[in-house]
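Shown next, in structure tokens, is the structure this report addresses.
The values are calculated or read from the model by the stated rules, or taken from the named source; none is laboratory data. Predicted model, so just to flag it, every value in this text is computed and none were measured. As a convention, Cβ positions derive from the backbone with ideal geometry for all residues, glycine included, and neighbour counts pool all protein chains shown. Remember, those area values only see protein heavy atoms, side chains included, never the ligands or the DNA or RNA. Shrake-Rupley method; radii C 1.70, N 1.55, O 1.52, S 1.80 Å.
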Amino acid sequence: MKSLQRVQKAAQILRILAKIGYIFAIVGTVCSVLGAIFCGVFGSNARVQEWLAKEGETFVTHEYVCHCICGAISCAAGIAVAYFTLQFYDHELAAGTPFAKPLVKEIRKLGLLHILLPLAVSIVVVIVSAAMHTEVDFNASGSITVGIAYLLLSLPMDYGADLSALVPPPEKPEKALENTENQSEENHE
């Protein structure tokens, strides 16, 4: 059962990373919203424009607001993905094994979420940037790759769940000891 312990240890580490990602996504969303508000309110101030302008470029308020809005949308999607990833690892750790049918369904949903949500965000970002007449570079390939990995991971998990359904669960050591003692008492009588 050493391999199961390694799997559970990896699940604990991935849960911690999902929790960190969840917190960072929340912070990113808040900062992006505050940035959009800040640029919208103070963007016409010459001193603020000078402070925010890149070297050799002029500050254009609506471009910065657009980038902040698109960043907030992207981070909000990150909150959803990290939340459901965190939920998956919580359920996996509670089950004690990744080989359970409900977890297989959950990881498939998680894989689809990792693929479809960034695609939806990409579409929304394109619409927002077109409406604000600016360009925003948004790349969702990393999340899509993770989604494909989760979908592929669901296949051996499903097979393992099928196999574990065929094998009866092992007795706990305490119960095995009690059964042995009961049998020895019956043999002495």
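Those helices (runs of 4 or more DSSP H) of the range 1-115 in which at least 1 residues are at pLDDT 95 or above, considering only elements entirely within it, cover 2-42, 61-95.
Pairing each residue of the range 117-130 that is within 18 Å of V60 (Cα to Cα) and without any contact (Cβ under 8 Å) to a residue 24 or more places away in the chain with any residue that is open to solvent by less than 60 Å² (accessible area, probe 1.4 Å) and of a type in the set (F, W, Y), provided the two are 6+ apart or on different chains, yields no C-beta distance under 9 Å.
Just to be sure, is R47 at negative phi, basic (K, R) and buried (at least 17 other Cβ atoms within 10 Å of the Cβ)? Give the derivation first.
Working: at negative phi: yes; basic (K, R): yes; buried (at least 17 other Cβ atoms within 10 Å of the Cβ): no.
Answer is no for this residue.
Of H67, H62, all but one fail to be out of contact with any helix residue (DSSP H, G or I) (no Cβ under 7 Å at 6 or more places or on another chain), in contact (Cβ under 8 Å) with a residue 24 or more places away in the chain and buried (at least 20 other Cβ atoms within 10 Å of the Cβ); the exception is H67. None of L163, L151 is surrounded by 16 or more Cβ atoms within 10 Å (Cβ to Cβ) and not β-branched (V, I, T) except L151. Quick check, is K101 in contact (Cβ under 8 Å) with a residue 24 or more places away in the chain, basic (K, R) and touching a helix residue (DSSP H, G or I) at 6+ places or on another chain (Cβ under 9 Å)? It is true that K101 is in contact (Cβ under 8 Å) with a residue 24 or more places away in the chain, basic (K, R) and touching a helix residue (DSSP H, G or I) at 6+ places or on another chain (Cβ under 9 Å).
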